[in-house]
Amino acid sequence: MHSVAIAYPPLLREGDRLDSREFLRRWEAMPDLKQAELIDGVVYLMPSPVSRAHSVIHYGVTNWLSHYSAVTPGCEGGLEGTWVMGVGDVPQPDISLRILPECGGQSRDVGDYVAGAPELVIEVCGSSLSRDLGTKLDLYRRSGVREYLTVLLNPRQVVWRTLSRGKYQEIEPGEDGLLRSKIFPGLWLDPDALWNKKKSLRAAVELGVRSAEHAAFVKKLAAARRRK
């Protein structure tokens, strides 16, 4: 009996130049590889260990956003998901929040992945700082990510950007120190609570989802779903 050789795709390697289809084909053949990105047609692997600070902040922000999405039907959060944003762009943001397509969102489901751009991307910036504020910031801007929130670990800094006329503009805090999303009414953040253990990170968003603006947004999403 003749044996049949199985041809596997080449391994993904840092710096490879690929399109999104070939990138995903190779990655799907590497089940042990958990994190990889394609930006401007270039492969980036992320094998470095995750610091305690990054892990703690990531966990806190995820819980904060999960509380919002849980009480906002029509919105969907994601953690380290793969987004097909273009022929040469397949990023893997730390956290994302989108409006579902059936509720008027700008992204779409394609097979096992999501294509287009989420309305909000969040990156916790430690060892990936230069990429998050360089090539990825530019990618998210031109792909139409409507808001981009970065949490810098060193120095400690939170910057929330909103897309306006093709450019990102920084959202300024209110008189109470809170940052408020322009796209997701009721999504409020107290930046100090990210590091001050005496403050609750969820307190601001709990206030936000009790606002009239949030109630109106939920009704708007429900109406859009009914029209589909």
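Could you list all residues from the stretch 119-141 that are without any contact (Cβ under 8 Å) to a residue 12 or more places away in the chain and of a type in the set (Asp, Glu)? Spell out the reasoning first.
Keep residues of the stretch 119-141 that are without any contact (Cβ under 8 Å) to a residue 12 or more places away in the chain, which gives 130, 134, 138.
Residue satisfying the conditions is Asp138 alone.
How about the stretch 101-114: which of its residues are surrounded by fewer than 18 Cβ atoms within 10 Å (Cβ to Cβ), touching a strand residue (DSSP E or B) at 6+ places or on another chain (Cβ under 6 Å) and closer than 18 Å to Tyr148 by Cα?
To start, the set of residues in the stretch 101-114 that are surrounded by fewer than 18 Cβ atoms within 10 Å (Cβ to Cβ) comprises 101-102, 104, 106, 108-113.
Still in the running and touching a strand residue (DSSP E or B) at 6+ places or on another chain (Cβ under 6 Å): 101, 108, 113.
If the condition is that a residue be surrounded by fewer than 18 Cβ atoms within 10 Å (Cβ to Cβ), touching a strand residue (DSSP E or B) at 6+ places or on another chain (Cβ under 6 Å) and closer than 18 Å to Tyr148 by Cα, then no residue fits.
Mind listing just one residue for me: the one in the stretch 117-132 that is among the polar types (S, T, N, Q) and in a loop (DSSP other than H, G, I, E, B) and, of those, farthest from Gly78 (Cα to Cα)?
Looking at residues that are among the polar types (S, T, N, Q) and in a loop (DSSP other than H, G, I, E, B), I get Ser127.
If Asp89 passes every condition in (1) surrounded by fewer than 16 Cβ atoms within 10 Å (Cβ to Cβ); (2) of a type in the set (Asp, Glu); (3) under 18 Å from Gly41 (Cβ atoms); (4) touching a strand residue (DSSP E or B) at 6+ places or on another chain (Cβ under 8 Å) but one, which one does it miss?
All conditions are met except number (1).
Looking at this structure, is Gly78 outside any helix (DSSP H, G or I), of a type outside the set (Lys, Arg) and under 21 Å from Val205 (Cα atoms)?
Numbers: outside any helix (DSSP H, G or I): yes; of a type outside the set (Lys, Arg): yes; under 21 Å from Val205 (Cα atoms): yes.
Yes.
Would you tally the residues in the stretch 66-91 being more than 12 Å from the chain's Cα centre (by Cα) and without any contact (Cβ under 8 Å) to a residue 40 or more places away in the chain?
So the answer is 3.
Filter the stretch 140-160 for residues that are under 18 Å from Val90 (Cβ atoms) and within 12 Å of the chain's Cα centre (by Cα) and give the result. Don't jump to the end; show me each part of the working.
Of the stretch 140-160, the ones under 18 Å from Val90 (Cβ atoms) are 140-145, 148.
Listed by number, the residues that qualify are Tyr140, Val145, Tyr148.
Of Val158, Val114, which residue is outside any loop (DSSP other than H, G, I, E, B), of a type in the set (A, V, I, L, M) and more than 30 Å from Trp27 (Cα to Cα)? Lay out the reasoning, then the answer.
Numbers: Val114 fails: more than 30 Å from Trp27 (Cα to Cα).
After ruling out the rest, the residue left standing is Val158.
In the stretch 172-228, how many are in a helix (DSSP H, G or I) and either aliphatic (A, V, I, L, M) or farther than 23 Å from Leu133 by Cβ (or both)?
First, the residues of the stretch 172-228 that are in a helix (DSSP H, G or I): 191-194, 201-208, 212-227.
Checking the rest, the ones that are also either aliphatic (A, V, I, L, M) or farther than 23 Å from Leu133 by Cβ (or both) come to 193-194, 201-208, 212-227.
Final tally of qualifying residues: 26.
Can you find a residue in the stretch 50-57 that is under 14 Å from the mean Cα position of the chain (by Cα) and surrounded by 17 or more Cβ atoms within 10 Å (Cβ to Cβ)? Before you say what the answer is, go through the steps one by one.
Of all residues in the stretch 50-57, those under 14 Å from the mean Cα position of the chain (by Cα) come to none.
Looking for residues that are under 14 Å from the mean Cα position of the chain (by Cα) and surrounded by 17 or more Cβ atoms within 10 Å (Cβ to Cβ), one finds none in the stretch 50-57, hence no.
List every residue pair whose Cβ atoms lie under 6 Å apart, where the two residues are 6 or more positions apart in sequence or sit on different chains, the first residue falls within the stretch 147-158 and is acidic (Asp, Glu), and the second residue, located anywhere, is surrounded by fewer than 20 Cβ atoms within 10 Å (Cβ to Cβ).
Between residues of the stretch 147-158 that are acidic (Asp, Glu) and residues that are surrounded by fewer than 20 Cβ atoms within 10 Å (Cβ to Cβ), the close pairs are Glu147/Thr162; Glu147/Ile183.
Would you confirm, using the coordinates I've provided, whether Ser107 is modelled with pLDDT of 95 or more and either under 16 Å from Leu139 (Cα atoms) or in contact with an Asp or Glu (Cβ under 6 Å, 6 or more places away or on another chain) (or both)?
Numbers: modelled with pLDDT of 95 or more: yes; either under 16 Å from Leu139 (Cα atoms) or in contact with an Asp or Glu (Cβ under 6 Å, 6 or more places away or on another chain) (or both): yes.
Answer is yes for this residue.
Which of (1) exposed (fewer than 14 other Cβ atoms within 10 Å of the Cβ); (2) closer than 16 Å to Gly144 by Cα; (3) under 15 Å from the mean Cα position of the chain (by Cα); (4) not β-branched (Val, Ile, Thr) is the odd one out, the single condition Asn63 does not satisfy?
Condition not satisfied by Asn63: (2).
Could you tell me how many of the residues in the stretch 61-71 are under 16 Å from Ile122 (Cβ atoms) and either outside any helix (DSSP H, G or I) or at pLDDT below 95 (or both)? Break it down into steps so the answer makes sense when it comes.
Here is the first cut: in the stretch 61-71, the residues under 16 Å from Ile122 (Cβ atoms) are 61-69.
When the remaining residues are screened for being either outside any helix (DSSP H, G or I) or at pLDDT below 95 (or both), the result is none.
Summing the residues that are under 16 Å from Ile122 (Cβ atoms) and either outside any helix (DSSP H, G or I) or at pLDDT below 95 (or both) in the stretch 61-71 gives 0.
Quick one: which of Gln169, Gln106 is out of contact with any helix residue (DSSP H, G or I) (no Cβ under 9 Å at 6 or more places or on another chain) and in a loop (DSSP other than H, G, I, E, B)?
On the way: Gln169 fails: in a loop (DSSP other than H, G, I, E, B).
Being out of contact with any helix residue (DSSP H, G or I) (no Cβ under 9 Å at 6 or more places or on another chain) and in a loop (DSSP other than H, G, I, E, B) holds for just one of Gln169, Gln106, which is Gln106.
Tell me whether the stretch 40-57 contains one or more residues that are within 25 Å of Trp188 (Cα to Cα) and among the small types (Gly, Ala, Ser).
yes
The values are calculated or read from the model by the stated rules, or taken from the named source; none is laboratory data. Model, not experiment: these values are computed from the prediction. Note that we place each Cβ from the backbone using ideal geometry, even for glycine, and neighbour counts take in every protein chain shown.
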